[in-house]
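This report concerns only the one structure given below.
Here, each number is a calculation from the coordinates, and none is a lab measurement. Nothing here was measured: the structure is a model prediction, and the numbers come from that model. Glycine gets a Cβ as well: all are built from the backbone with ideal geometry, and neighbour counts include every protein chain shown.
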Amino acid sequence: NAGVMQNPRHLVRRRGQEARLRCSPMKGHSHVYWYRQLPEEGLKFMVYLQKENIIDESGMPKERFSAEFPKEGPSILRIQQVVRGDSAAYFCASSPPGRVGQPQHFGDGTRLSIL
Amino acid sequence: DAKTTQPPSMDCAEGRAANLPCNHSTISGNEYVYWYRQIHSQGPQYIIHGLKNNETNEMASLIITEDRKSSTLILPHATLRDTAVYYCIVREDSSASKIIFGSGTRLSIRP
C-alpha cells in the first residue's frame, strides 16, 4: 500500500476527546475517500472529497464527524467527542482525476481506540 | 448493499491455483468488476479489474463470463502470503465513485 500515507497508525483517545486522522493521497491523485471498518466487520464508505469540496458524504454520521481536503496539505477526518463505538480502523483511499476505470489505492489505516 | 455474491470461505494448497468465484448477475453495462484483498491488519490492496475481456497482470488473472454475470479470480500459484479476505466489487465506470464492499471470501492457504 505504498503511496497513500495515513497517520497516525494508532491513536488512543479517551471518551469526549477529539480525534484527527490524516491522509496524504498518492502523487497526482485529487480524489480522496474515507472508509471505516468496525471490529470483525467489513469496510463501509464514509465520505468522498476532491480538493476543497465534499462530493459525497452519504456514509458519514450526522453528528461529530467531519472531513476536509484543503487546497494544500492532507485530508483530515475529524471526530469530535469520541465515544467507545468510534473504535475502528479508518482507511483512506485515493484515485486520479478524470480517468475512467481507475482503481482506488488504500493506505494502511489508522486504528482508533477509545478508552 | 453489495451487488456481488461470494462464498464466505475457501482453502487451497500452497503452490496450487486458487480460483475464487463471484456472482454479479445485476451488473450493468458501464460497471467494471474489481478485485481487492485485505491481508490482516492492512488496508485493501487492489489486485485487478476488467470490463468484458479477461485480464491478467503480475498478481492474478480475471475471467469474466460472456454474459458478465459472474467472474473468477485466479491466483496461479498460491503462497501462504496470499491468505487474505478477497473482495469482488462491481463499480460504475468512473474513478469518482465509492466502493461498496461485501463480506468477501476468506481464503486460507494450507502448507
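Under 5 Å between amide hydrogens, built in the peptide plane, is the criterion, and for B:ARG16 it picks out B:ALA78 among residues at least 5 positions away or on other chains.
For a footprinting-style exposure proxy, rank A:VAL83, A:VAL47, B:VAL85 by other Cβ within 10 Å, fewest first.
Ascending number of Cβ neighbours within 10 Å: A:VAL83, B:VAL85, A:VAL47.
Along its principal axes, chain A has C-alpha extents of 42, 25, 23 angstrom, given from the largest down. For region A:61-107, the spherically averaged projection of the C-alpha convex hull amounts to 4.8 nm². What the Cα atoms of the protein assembly as shown give is an Rg and a Dmax of 17.7, 54 Å.
Taking GluC sites (Glu not before Pro) in DSSP loop states with no more than 15 other Cβ atoms inside 10 Å as exposed sites, chain B has its longest site-free stretch at B:67-111.
Judged by a Cβ-Cβ distance under 4.7 Å, the unpaired cysteines of the protein assembly as shown are B:CYS12.
What residue among B:ASP11, B:ASP82, B:ASP67 shows peak mean-square fluctuation when chain B is described by a Gaussian network model with Cα springs under 10 Å? For chain B, modelled as a Gaussian network with Cα springs under 10 Å, the answer is B:ASP67. Checking every one of the trypsin sites (Lys or Arg not before Pro) in region A:14-73 against DSSP loop status and a limit of 11 other Cβ atoms within 10 Å picks out A:ARG14, A:ARG15, A:LYS27, A:LYS62, A:LYS71.
With 27 Å as the limit, the listed pairs A:LYS27/B:LYS98; A:LYS51/B:LYS69; A:LYS44/B:LYS69; A:LYS27/B:LYS52; A:LYS27/B:LYS69 have A:LYS51/B:LYS69; A:LYS27/B:LYS52; A:LYS27/B:LYS69 beyond it between alpha carbons. Looking at region B:63-111, which trypsin sites (Lys or Arg not before Pro) are DSSP coil and have at most 13 other C-beta atoms within 10 Å of their C-beta? Answer by residue number: B:LYS69. Note on chain A: with a GNM built from Cα contacts shorter than 10 Å, the maximum mean-square fluctuation among A:VAL12, A:VAL32, A:VAL82 falls on A:VAL12. Computed extension length for A:ILE76-A:GLU18: 19.6 nm, one decimal, from 0.36 nm per residue of separation with the Cα-Cα distance subtracted.
Give me the percent of Cα-Cα pairs in chain B that sit more than 23 Å apart, rounded to a whole number. Here the tail beyond 23 Å accounts for 21 percent of pairs. A full extension of the chain between A:ARG64 and A:ARG9 corresponds to an added length of 17.7 nm, given 0.36 nm per residue minus the alpha carbon distance.
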